[in-house]
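Trainee: One structure is given below, represented as structure tokens, and several questions about it will come after.
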Amino acid sequence: MAEKRMPEQQGPVCVTPEMTIADVVQQKPEAAAILAEYGMGCIMCMGAMAETLAEGAMMHGVDIDELLEKLNGTEAEKEAPKR
């Protein structure tokens, strides 16, 4: 029987509001620290498994657009040369 494999990632992960919090952290581990900055530190609780990023942001009074900008900027910031 053939082994199932996950498709390889093509470039950086783009975080969307529809992704579950658990998926965001799994695909982009550095997101955990950013979520904690916004008071969304319970990243591995049961709610994180089913709750979307948009739902979590709403529950915590976080501006989803600001959060997405920060989460999606982490890859560029990591690769940008330090001055």
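Trainee: From the set of residues in segment 26-55 that are of a type in the set (Val, Ile, Thr) and modelled with pLDDT of 90 or more, which is farthest from Thr16 (Cα to Cα)? Full working, then the answer.
Mentor: We begin by selecting, within segment 26-55, every residue of a type in the set (Val, Ile, Thr); these are 34, 43, 52.
From the residues that got through so far, the ones that are modelled with pLDDT of 90 or more too are 34, 52.
Numbers: Ile34: 15, Thr52: 9 Å.
Ranking the qualifying residues of segment 26-55, first place goes to Ile34.
Trainee: Something else now. Would it be correct to say that Met58 is modelled with pLDDT under 85, aliphatic (A, V, I, L, M) and surrounded by fewer than 17 Cβ atoms within 10 Å (Cβ to Cβ)?
Mentor: no
Trainee: Write out, first by first residue and then by second, each pair whose Cβ atoms fall under 8 Å of each other, whose residues are 6+ apart or on separate chains, and whose first residue, in segment 37-52, is closer than 16 Å to Gln27 by Cα while the second is basic (Lys, Arg) and surrounded by 13 or more Cβ atoms within 10 Å (Cβ to Cβ).
Mentor: none
Trainee: Return the residue satisfying two criteria in turn: it lies in segment 11-23 and is crowded, with 18+ Cβ neighbours inside 10 Å and modelled with pLDDT of 95 or more, and of such residues it is nearest to the chain's Cα centre (by Cα).
Mentor: Val15
The values are calculated or read from the model by the stated rules, or taken from the named source; none is laboratory data. The shown structure was predicted, so the numbers you read here are calculated from the model rather than taken from an experiment. Virtual Cβ from ideal backbone geometry, glycine too; neighbours counted across all protein chains shown.
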